[in-house]
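> Please find one structure pasted underneath; my questions will follow.
The values are calculated or read from the model by the stated rules, or taken from the named source; none is laboratory data. The shown structure was predicted, so the numbers you read here are calculated from the model rather than taken from an experiment. Glycine also receives a Cβ, built like all others from the backbone with ideal geometry; neighbour counts cover every protein chain displayed. Quick note on the areas: whole protein, heavy atoms, side chains included, nothing else; ligands and nucleic acids left out. Shrake-Rupley method; radii C 1.70, N 1.55, O 1.52, S 1.80 Å.
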Amino acid sequence: DGAEDIYDQNGKILIVRDGNTCVGGVRITGCSLFSQSLMPLEQKGLDITQMLPQLTLPLAPYCQWERLVLRPEYRGIDMLRGICRALIRGCASLGYHYAFNVTGIKRARLYKRVHSNLGYDYEIYNQLKMPVESDFAHLEHLLSIAFIPEAEREALVGAGAEEIFAGLWQTSQLQNAA
């Protein structure tokens, strides 16, 4: 329904701005070695660690990207590249190894292409059965994973995430980052 929920309160809301105007954003909800919280997709009974044992998730912090929204006049490939780059860098600064995303096949392929063009690994797991959210039962639910490079994590962990995000979310900087 779009209303604030517990994940808004416990996650990071990354805001895309044009000057002082909010033109979009993305929510990041994470799990770490020090947190027992679950990602939204895990709350629906999905055991992601059992489904993807090759990722060693109990030992690697991970997160979920959701609710990407942009005002129509800001939607474009350069903006999406900048947002994807900012998400990877922001998640690296928070120490995450993996970022999960649930979307339809068209968007999953677009995100894979954008991440690949930026030099990041992004895999679509269309063989896995995902729980369907009741309000979105008419949409596809495919799991994709962005792999946060170790080199970026090592370079950015400990640099305040707020500082990293503050420098990345102006629309001119996002487009230049692409």
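> What are the residues in segment 52-94 that are small (G, A, S) and crowded, with 21+ Cβ neighbours inside 10 Å, if any? If you could, list the steps in order and put the result at the bottom.
Here is the first cut: in segment 52-94, the ones small (G, A, S) are 60, 76, 82, 86, 90, 92-93.
Correct list: G82, A86, G90, A92, S93.
> Right, another one. Could you please tell me which pairs satisfy a Cβ distance under 7 Å, a separation of 6+ or placement on different chains, a first residue in segment 18-29 that is open to solvent by 40 Å² or more (accessible area, probe 1.4 Å), and a second residue that is not acidic (D, E)?
What qualifies is D18/T171; C22/I15.
> What number of residues within segment 56-83 are under 17 Å from L143 (Cβ atoms) and either among the aromatic types (F, W, Y) or touching a residue at least 60 places away in the same chain (Cβ under 8 Å) (or both)?
Total meeting the criteria: 2.
> When the residues of segment 95-108 are narrowed to those that are modelled with pLDDT of 90 or more and either part of a strand (DSSP E or B) or open to solvent by 40 Å² or more (accessible area, probe 1.4 Å) (or both), which ends up farthest from L59 (Cα to Cα)?
Looking at residues that are modelled with pLDDT of 90 or more and either part of a strand (DSSP E or B) or open to solvent by 40 Å² or more (accessible area, probe 1.4 Å) (or both), I get K106.
> Right, next: Read through the list (1) modelled with pLDDT under 90; (2) under 18 Å from L55 (Cα atoms), then give the number of the only condition that E140 fails.
With respect to (1) modelled with pLDDT under 90; (2) under 18 Å from L55 (Cα atoms), E140 is out only on (2).
> Checking the condition small (G, A, S), part of a helix (DSSP H, G or I) and either modelled with pLDDT under 90 or open to solvent by 30 Å² or more (accessible area, probe 1.4 Å) (or both), which residue from A155, A159 passes?
On the way: A159 fails: part of a helix (DSSP H, G or I).
So the residue among A155, A159 that is small (G, A, S), part of a helix (DSSP H, G or I) and either modelled with pLDDT under 90 or open to solvent by 30 Å² or more (accessible area, probe 1.4 Å) (or both) is A155.
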